[in-house]
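Colleague: Provided herewith is a single structure, encoded as C-alpha cells, for subsequent inquiry.
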Amino acid sequence: MEPRLIINIVLILLAAWVLGDLFQRFRMPRILGELLAGLVLGPPLLGWVQPREAMTVLADLGIFFLMFYTGMEMDPHELLEHFWVAVAVAVGGFLVPFGLGFIVARFFGATVLQSLFMAMGLSVTALAIGARVLQDMEIHHSKVGHIIIGAAIVDDILALLSFAVLTGLAQTGQVNPYRILILLAEVAAFFGGTILLGHFVLPRFTRRLKDVEAKGFTLALSAALIMGFLAELAGLHLIIGAFLAGQFVRKEVVDPELYHRLHDRFFNIIFGFLGPIFFVSLSFHVHLNLPAGDWWFLAAIIGVAVLGKVAGCALPVVVMRRSWQEASVIGMGMNGRGAVELIVANAALAMSSGLMRSGMITEPLLTESQFTILILMAFITTLLTPISLRALVPPLCTSSDKDFCELWRRSR
C-alpha cells in the first residue's frame with residue numbers, strides 16, 4: 001500500500017471523526033460532518049486528499065456494507081406492509097421533479113436531450129443517503145423509515161428504466177420498447193431469484209451456523225456479494241443486492257448470538273472505517289468553477305429539485321389520508337441524491353464523447369457546466385436532507401405516532 005494512501009485514509013478518518021462529533025453535539029447527523037470533511041480536505045478547498053482508484057474501491061465498499069447493514073436492521077414485513085405507499089411516493093417523487101427539471105433546463109437554453117438527462121438527474125433518490133440519515137437519527141425502524149427505504153428502492157428501478165430509454169433515444173433517435181421489456185424481465189428475475197435464494201436456500205445454512213472461525217461473517221459477506229453481483233447483472237446498483245442480502249441475515253433468520261456478532265462487526269466496519277470514507281469522498285466531486293451566468297441556472301435547478309421531490313413524494317401520502325407532517329418528512333427523506341446522481345452524470349458524459357465522434361449527435365448529452373450543476377445540486381440536496389429532517393421530525397413526533405416518538409427520543 002502506498003504511504004500517501006495510508007496518510008489520506010488517516011486524514012479522512014480523523015476529520016470525519018472530529019467534525020462528525022462536532023455536529024452530533026449540536027444534535028445534527030454525523031453525515032454532515034463527514035461531508036464537510038470532504039469539502040475541506042478534498043479538491044474543493046485544501047486539496048490535501050485527491051481521488052484515487054484505491055480510495056474509490058474503499059468508498060464503494062462503504063456504501064455496499066452500509067446497505068447490507070440497513071437490510072439487517074429493517075423488518076421486511078414492515079416494508080411489504082407499506083409497499084403501495086412506497087410505490088406511490090417513488091412514482092410521484094420521480095415524475096414531478098423530472099417534469100420541472102426539463103422545463104427549467106429548456107428555459108436556460110439546454111437542448112432536448114440535455115434537458116432530459118438533467119431532468120433525470122433531479123428525479124433520482126440516493127438510497128444510501130436516506131439510509132444513513134435515518135440511521136443517524138435512529139428512525140429507520142419507524143413506519144416513515146420503511147416507506148422512505150421502500151420508495152428509494154422503487155426509485156432506483158425507475159431510474160434504471162428511464163436511463164435505458166434516454167440512452168436508446170440518444171443512440172438511435174427512438175425509444176426501444178423491447179429493451180424496456182427486457183430490463184423489466186431482468187429486474188423481475190433478480191427480485192424473484194434473490195427472494196427464493198433468501199427464503200429457501202440461505203436459511204438452511206444460517207439457522208444451524210455458529211460463528212466458529214468467523215464462518216458466519218464469511219457466509220453473510222458472500223451472500224451480500226453474490227446478490228450485489230446479481231443486481232449488477234440485472235442493471236441495478238449493487239447496493240440493492242446488498243440490502244436484500246441483509247434482509248435475509250436478520251435475527252429472525254439466523255442464530256441470535258450469531259446475529260449480534262455480525263451486527264457488531266458490520267457496525268464497526270461501516271461507521272468506524274468504510275462509511276466515513278464513502279461520505280467524505282462524495283464531496284470530492286464538488287466543483288465551484290461555474291461561469292457567472294450559470295449560478296442562476298444552478299439556483300433554479302436546486303429549487304425545482306427540492307420542490308419537485310418533496311411535493312411529488314408528499315402529495316401521494318396526503319392523498320392516502322396520512323398527515324401533512326408525515327408527508328413532509330417522507331418528502332424530505334427522499335430529497336438526497338449523492339451516489340446515484342454521480343453515476344448518471346458520469347455515464348452521460350462518457351456516452352457523449354463516443355456519440356459525438358460517430359456523428360450521431362452534434363451537441364454533448366451534458367456540457368461541463370451542466371455536469372457541474374448536477375453535482376452541486378446533488379451535494380446541496382444531500383446536505384439539506386438531514387438538516388430539514390431534524391427540523392421536520394419534532395412536529396411529526398407531537399402528532400400521533402407514538403412509536404416514532406419513542407425512536408426519536410432515543411436519538412436525542
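Colleague: Run the numbers on the chain and let me know its relative contact order in percent, using alpha-carbon pairs under 8 Å that are six or more apart.
Modeller: Over the chain, the number comes to 27 percent.
Colleague: While we're on this one: In the full protein assembly as shown, how much of E73 is accessible to a 1.4 Å probe, in Å² to the nearest 10?
Modeller: In the full protein context, E73 sits at about 30 Å².
Colleague: Let me ask another. In nm, to one decimal, how far is the modelled label at W324 from the one at T362, with both set 7 Å along Cα→Cβ?
Modeller: 5.0 nm
Colleague: Given a 1.4 angstrom probe, what's the average accessible area per residue across the chain, in square angstrom?
Modeller: Here the per-residue accessible area is 44 Å².
Colleague: Now for a different question. What are the radius of gyration and Dmax of the chain, computed over its Cα atoms and given in Å?
Modeller: For the chain, the Cα radius of gyration and maximum Cα-Cα distance read 20.9, 64 Å.
Colleague: Right, here's the next one. Just the number, please: carbon plus sulfur as a percent of the accessible area of region 232-308, 1.4 Å probe, no ligands or DNA/RNA counted.
Modeller: 64 percent
Colleague: Here's a follow-up. With N set to the number of residues, divide the alpha-carbon radius of gyration of region 1-124 by 2.2 N^0.38 Å and report two decimals.
Modeller: 1.43
Colleague: While we're here: Just reorder S358, S123 by solvent-accessible area, largest first, 1.4 Å probe, all chains present.
Modeller: S358, S123
Colleague: While we're looking at this one, here's another question. Per the helix-only calculation at 222 nm, which mean residue ellipticity applies to the chain, given -39500 (n - 2.57) for every DSSP H run of n ≥ 4 and division by its residues, nearest 500 deg cm²/dmol?
Modeller: -25000 deg cm²/dmol
Colleague: Taking the alpha-carbon centroid of each part, what is the distance from region 264-287 to region 80-94 in angstrom?
Modeller: Measuring centre to centre over Cα atoms gives 28 Å.
Colleague: So what does I380 come to for accessible area, using a 1.4 Å probe and Å² rounded to 10?
Modeller: Approximately 50 Å² for this residue.
Colleague: Quick one: ranking R321, R27, R390, R265 by accessible area, 1.4 Å probe, largest first, what do you get?
Modeller: From most accessible down to least: R321, R27, R265, R390.
Colleague: Further, regarding this structure: Mind giving me the FRET efficiency for R4 and E138? R0 is 56 Å, r the Cβ-Cβ distance, nearest 0.05 is fine.
Modeller: Computed FRET efficiency for R4 and E138 comes out at 0.90.
Colleague: Where in the chain are the helices, taken as whole DSSP H runs, whose Cα atoms extend 18 angstrom or more along the long axis and whose Kyte-Doolittle mean reaches at least 1.6?
Modeller: In the chain, the long hydrophobic H runs are 83-107, 294-319.
Colleague: Quick check: with the 1.4 Å probe, what order do K215, K143, K309 take by accessible area, largest first?
Modeller: Ranked list, largest accessible area first: K215, K143, K309.
Colleague: Same structure, new question: How high is the relative contact order of region 19-135, in percent, counting Cα pairs under 8 Å that sit 6 or more residues apart?
Modeller: Once divided by the residue count of region 19-135, the mean separation gives 19 percent.
The values are calculated or read from the model by the stated rules, or taken from the named source; none is laboratory data. None of the values given here were measured: they were computed from a predicted structure. Note that each Cβ is placed from the backbone with ideal geometry, even for glycine, and that neighbours are counted across all protein chains shown. Remember, those area values only see protein heavy atoms, side chains included, never the ligands or the DNA or RNA. Shrake-Rupley method; radii C 1.70, N 1.55, O 1.52, S 1.80 Å.
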